[in-house]
Amino acid sequence: MNFKNWYNYSTPEFKIKNGGNYSIEKPSIWKLDFIIKKNTTIKLEFNFSWNSLITIISHENGTVKRFQLKRQSIWKPNYLLTNDSNQQLCCITSQFSWKNWKTNYQIIENEIFPVIEDIEILYLSIIHCIVMKNNNATGA
């Protein structure tokens, strides 16, 4: 990720292989919500709500797809990505390694997972959302 200035982290930019230039924008400093743009086109929107649901809106070729990211249960660190019909599209599991002090994430897709142009960006953003939610819950 490249930041425009060391003191300005509001719009970081990044590139991926075989892709374009992406930027992350936060509409407000008071919320965790953010938008990912490819060049100047909005690709993904992430809206955090008070009940721990994260609404993900994908903009692709004039179509809009809505997803929800929610915790599977209060006792397990697993998250589910569902569509508007509440069908499970994928499961994200996490396992903390005390030896390395790192968390390993595994994303398991279902057969009905839709084809999305920027799937790598979606996966990285989902993990980013989970980390933000966990940090927010612990007060970090």
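Here are the numbers for this structure:
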read-out: Efficiency of FRET from Cβ geometry, Arg66 and Ile16, R₀ 30 Å, rounded to 0.05; value: 0.80
read-out: Distant-in-sequence amide H partners of Asn78 (H built 1.01 Å from N, under 5 Å); value: Gln72, Ser73
read-out: Excluding exposed DSSP-loop chymotrypsin sites (Phe, Trp or Tyr not before Pro) (at most 16 other C-beta within 10 Å), longest clean stretch of the chain; value: 102-140
read-out: Per residue, in Å², the accessible surface of segment 44-140 once ligands and nucleic acids are set aside, probe 1.4 Å; value: 64
read-out: Rg over Rh [alpha-carbon atoms, Kirkwood Rh] for segment 15-67; value: 1.01
read-out: Binned Cα-Cα distance frequencies in the chain - 10 Å width, integer %; value: 10, 40, 37, 12, 1
read-out: Probe 1.4 Å - accessible area at Ile108, Å² to nearest ten; value: 80
read-out: Label-to-label distance, nm, for residues given as Phe96 and His128 (7 Å Cα→Cβ offset); value: 2.3
read-out: Charged-residue dipole, Cβ positions (Lys, Arg, Asp, Glu), the chain about Cα centre, Debye nearest 20; value: 460
read-out: Top of Ile54, Ile24, Ile112 by mean-square fluctuation, Gaussian network on the chain, Cα under 10 Å; value: Ile112
read-out: Apportionment of accessible area to carbon and sulfur, the chain, percent (1.4 Å); value: 53
read-out: Which of Trp30, Cys91, Trp101, positive extreme of dipole for the chain (C-beta unit charges); value: Trp101
read-out: Out-of-range pairs (alpha-carbon distance over 32 Å; input Lys37/Lys102; Lys15/Lys102; Lys31/Lys102; Lys38/Lys99; Lys15/Lys133); value: Lys38/Lys99
read-out: Extension gain (nm, one decimal) between Thr82 and Gln106, 0.36 nm per residue minus Cα-Cα; value: 7.0 nm
read-out: Choice from Lys76, Lys43, Lys26 with maximal GNM fluctuation in the chain (Cα, 10 Å cutoff); value: Lys76
read-out: Ellipticity estimate at 222 nm from DSSP helix runs (n ≥ 4, -39,500 (n - 2.57)) divided over the chain, nearest 500; value: -5000 deg cm²/dmol
read-out: Per-residue ³J(HN,Hα) for segment 80-95, Karplus 6.51 cos²θ - 1.76 cosθ + 1.60, θ = phi - 60°, Hz, x for Gly and Pro; value: 10, 9, 10, 9, 4, 8, 6, 7, 6, 9, 7, 10, 10, 10, 10, 9
read-out: Stretchable slack from Ser28 to Ile74, in nm (0.36 nm times residue separation minus alpha-carbon distance); value: 13.7 nm
read-out: Loop-resident sites, segment 48-140, for trypsin sites (Lys or Arg not before Pro), counting at most 10 other Cβ within 10 Å (DSSP); value: Lys99
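The values are calculated or read from the model by the stated rules, or taken from the named source; none is laboratory data. Remember, predicted model here, so these are calculated numbers, not experimental data. All Cβ positions, glycine included, derive from the backbone under ideal geometry; neighbour counts span all protein chains shown. Note: accessible area is taken over every heavy atom of the protein model, side chains too, but ligands, DNA and RNA are not part of it. Shrake-Rupley method; radii C 1.70, N 1.55, O 1.52, S 1.80 Å.
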